[in-house]
Each structure stands twice: as structure tokens, then as C-alpha cells.
Amino acid sequence: MRKPVIAGNWKLFKTIGESVALVQELTPLVAKNKDIEIIVAPVFTALSRVCDAIEGSNIKLAAQDCYWEEEGAFTGEVAPKLLKDAGCSHVIIGHSERRQYFGETDLTVNKKAKAAIAAGLNVIVCVGESLAERESEQTFSVIETQIQGSLSGLAAEAFTHVVIAYEPVWAIGTGKTASDAQAQEVHGFIRRLIARLYSQSVADAVRILYGGSVKPDNVKGLMAQPDIDGALVGGASLKAESFAAIANF
């Protein structure tokens, strides 16, 4: 049985005080939920304070990005070991906004994933196609290229630290959501691809999340699909009530 994951990506929202207040409000709403792995991903500046605020709770902490070097002359970057030091157990890598706005490639995603795993972090590796790619029926070829490139060179044993998030770019922040069947189709493809690249046992164990305008009113249908193991939630994770409703689906 794959333990579902509900992760909230707060993107560039919330001051330190607002971040702490949000998890303080969220904690009692999800406290009884032991069947779901619940993760929040605040901005870098709030990580350590949020870590303190969730201590002893069932909420885990993720960063939204990292760099692949441990240290050096890399102004503005944050190394995986620094995220561990701030209290993170997870890091999101290759989010479509990083790919779209900041030049992230499958190669850099791969380097970050390897560095993060080596530092003892779990990685949430994001893949997904644009609207143009979906409309031109390139979805599966795009996903295959991203998976192969982003996870290249990872040993099968490393997959105990890997979560994959499928986020159709056309459904992020647009209010559009892939239908349950559309999402399941891609999730099933990803699982079969992992089986082909690694093994059936790795594919059976890896958790694949859906990200793309997940809300309390559509989470149940998505989570009923056999290959959808959770959600990477954007806007709905910025309010404790809506995020708790998703986590407690």
C-alpha cells in the first residue's frame, strides 16, 4: 500500500509570521489524520520558523527548490544540506514555474535530485506538459523525456526517496483541472514507464501525485484513481481550512 501524500506548495506567498500562523491553524485540523503524509512548502525565509511551529505534529516540511552544490561561490543559491539544517525532510524540484521562468531543464533537475537525495532529503520531482504539447498529442513523449532526463542515473534504491508529481502546466493556476480520467491516464503511463526503466516493484512503490488546481471539491475523484497517490496543491494550500479539507479527503 502506498501512503498518500498531500503537499502544499505556497510559492511566493506568506511572510514568516503569516506562515507560522497558517501552520498553527492547520495543525489541529489535520492532527487526527495519520493515514496521509502531509507536507507544507513555505518560502526559504520561513522554513526554520515553520519547522519550530510544526514540531511534534504530523506535518512535514519541504523547500520549493535547491541547488546541486554543497557550498561555494553561488550567490543566491541554497544547498540541500542547508535545507536539512533548517528542518526540511523534502524538497520540490523541477516545478513547471521553475522550468518556465528560471530556465530549469531536465539536466538541472537531475543534478538537484541527486544532490538532495545524497544530503538525506526526499525529492518531489515535477513533470508535465504545456497546453500546446497536449493539443498536439505530445503529452506522453514529453513526460517520458522529462522522466528519463530528470531521474537519469538514479539507482532503484534511491526511489525510496523519490515522489513524482504530474502537473499539467495548462492546469496550474488557471482553474482548469485535468479530468479524473485524463489524470489517471498520465499517472498510469508514468507508472508503466518506471516499471520499464527500473522494475515493477519500484513502479508499484513509487508515489505519483497530481498537481493542477486541486481543490476540496475535486480531490476525492482524483484520489479514487488507482495510480494517483496524492496531490501537490497550490492556491488551495494557502488557507488552512481548504488545505485541511484536501488532506482529510
Practice task
Could you pull out the residue among 88, 66 that is surrounded by 18 or more Cβ atoms within 10 Å (Cβ to Cβ), assigned to a loop (DSSP other than H, G, I, E, B), in contact with a Pro (Cβ under 6 Å, 6 or more places away or on another chain) and at pLDDT 95 or above?
Solution key: 66
Problem - Residues located in the stretch 140-186, provided they are touching a Gly at 6+ places or on another chain (Cβ under 8 Å), surrounded by fewer than 16 Cβ atoms within 10 Å (Cβ to Cβ) and in a helix (DSSP H, G or I) - result: none
Fill in the blank from the handout: Among the residues of the stretch 42-71, the number that are farther than 24 Å from residue 4 by Cβ, of a type in the set (Gly, Ala, Ser) and within 19 Å of the chain's Cα centre (by Cα) is 1
Handout entry: Single residue of 159, 140 found to be touching a Phe, Trp or Tyr at 6+ places or on another chain (Cβ under 9 Å) and over 23 Å from residue 100 (Cβ atoms)
Key = 159
Practice task
Go through the residues of the stretch 19-33 one by one and say whether even a single one is β-branched (Val, Ile, Thr), touching a residue at least 12 places away in the same chain (Cβ under 8 Å), loosely packed, with under 14 Cβ neighbours inside 10 Å and out of contact with any helix residue (DSSP H, G or I) (no Cβ under 6 Å at 6 or more places or on another chain).
Solution key: no
Problem - Among (1) more than 27 Å from residue 55 (Cα to Cα); (2) at pLDDT 95 or above; (3) in contact with a Phe, Trp or Tyr (Cβ under 7 Å, 6 or more places away or on another chain); (4) surrounded by 17 or more Cβ atoms within 10 Å (Cβ to Cβ) - the single one residue 115 does not satisfy - result: (1)
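The values are calculated or read from the model by the stated rules, or taken from the named source; none is laboratory data. The structure displayed is predicted, hence computed values, not measured ones. All Cβ positions, glycine included, derive from the backbone under ideal geometry; neighbour counts span all protein chains shown.
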